[in-house]
1. Would you mind stating whether residue 61 is modelled with pLDDT of 95 or more, assigned to a loop (DSSP other than H, G, I, E, B) and aliphatic (A, V, I, L, M)?
2. Cβ contacts < 8 Å: first residue part of a helix (DSSP H, G or I), restricted to the stretch 195-223; second residue modelled with pLDDT under 90 and surrounded by fewer than 12 Cβ atoms within 10 Å (Cβ to Cβ), any location; separation 6+ or different chain. Result?
3. Residue 146 versus (1) modelled with pLDDT under 95; (2) among the basic types (Lys, Arg); (3) surrounded by 15 or more Cβ atoms within 10 Å (Cβ to Cβ): which is the lone unmet condition?
4. Across the stretch 168-184, which residue is farthest from residue 231 (Cα to Cα) among those that are part of a helix (DSSP H, G or I) and more than 15 Å from the chain's Cα centre (by Cα)?
5. Filter the stretch 110-138 for residues that are part of a helix (DSSP H, G or I), within 26 Å of residue 221 (Cα to Cα) and touching a residue at least 12 places away in the same chain (Cβ under 8 Å) and give the result.
6. Select from the stretch 26-38 the residues that are modelled with pLDDT under 95 and not hydrophobic (A, V, I, L, M, F, W, C) and write down the one among them that is nearest to the chain's Cα centre (by Cα).
7. Collect the residues in the stretch 81-102 that are crowded, with 16+ Cβ neighbours inside 10 Å and either in a strand (DSSP E or B) or more than 19 Å from the chain's Cα centre (by Cα) (or both), keeping them in residue-number order.
8. So, of the residues in the stretch 53-80 that are farther than 12 Å from residue 16 by Cα and of a type in the set (A, V, I, L, M), which turns out to be surrounded by the fewest Cβ atoms within 10 Å (Cβ to Cβ)?
Amino acid sequence: MDDGAQDLHEAVRLCALGRSQHIRQAVATPHFNAMGDIDNFLARRDARAEELRNALRQKGIGMEIYCGAEVFVDDDIFFSKNLRRLTINNSRYLLVEFDFYGNRLQNILEYLDELYSMQVVPIIAHPERYAYFQRDYDAVNELASRGVLFQVNAGSLASRDGREEFELAYEMVFKGVAAFIGTDAHSAQHRPNDIGMMLRQFPQDIHPRLMQHLLEGNAQCVLNDTPLPPHTFSRLEKRRFY
């Protein structure tokens with residue numbers, strides 16, 4: 001549908017790779033940035049998802065496909081309605097992303113307040129990729145103190161992106177600020193979902209029990225539309241790894 005798998009064949013390849021890495025459930029989150037066109041987006045998304053499910057059954061690939069969206073949030077959010085239709089598996093949880101460079105903390109707080117007024121629980125996708133979070137860890141601390149949920153990319157933790165991405169992703173996971181680790185998979189070649197390989201490249205001092213929560217337990221809460229278990233976190237501190 002967008003910059004992910006370009007056709008059904010590529011989507012099936014991506015699922016087969018994920019299944020070989022012990023992924024049993026996947027959420028399809030195509031990008032959504034047309035606030036006035038939810039009906040057409042959902043019709044396309046659901047048709048493509050069913051086409052993929054049928055192909056996986058024919059190939060004998062045992063992976064469940066759930067639907068959601070990665071919703072781009074900017075000032076248009078104040079003219080939007082009923083974004084709950086875009087939540088993950090029709091739950092309360094909505095995956096959102098922002099402009100990578102031009103935001104301020106106050107903008108994000110206003111966007112989040114608007115989302116909460118719609119009775120959705122936003123999950124901020126790949127915060128470690130946002131330049132303003134990389135510069136200002138205290139902005140992340142402020143959002144975490146308000147209970148905001150974050151999903152970091154496995155590729156960032158595996159040092160497949162830049163140093164800034166790794167350092168923020170690692171600090172968020174190690175300090176308990178991140179709630180999810182996602183593959184953010186786009187294709188079998190570009191940003192793949194080879195999670196087993198990435199796990200071997202993660203920092204070794206992340207506790208296995210924490211990893212289980214971030215990779216499986218919390219994600220299951222989203223699919224089941226139940227609250228995440230309470231957790232504690234420590235403030236992030238910007239530091240360098242050499």
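The values are calculated or read from the model by the stated rules, or taken from the named source; none is laboratory data. This is a predicted model, so every value here is computed, not measured. As a convention, Cβ positions derive from the backbone with ideal geometry for all residues, glycine included, and neighbour counts pool all protein chains shown.
1. Values: modelled with pLDDT of 95 or more: yes; assigned to a loop (DSSP other than H, G, I, E, B): yes; aliphatic (A, V, I, L, M): yes.
Judged against the criteria, residue 61 is a match.
2. Matching pairs, first to second residue: 213/231.
3. (3)
4. Our first condition is that a residue be part of a helix (DSSP H, G or I); within the stretch 168-184, this holds for 168-174.
Subsequent filtering for residues that are more than 15 Å from the chain's Cα centre (by Cα) retains 168, 170-171, 174.
Numbers: 168: 19, 170: 17, 171: 16, 174: 13 Å.
Going through the qualifying residues, I end up with 168.
5. Across the stretch 110-138, the qualifying residues are 111, 112, 114, 115, 127, 128, 129.
6. 33
7. Hits for the stretch 81-102 are 93, 94, 95, 96, 97.
8. Going through the qualifying residues, I end up with 65.
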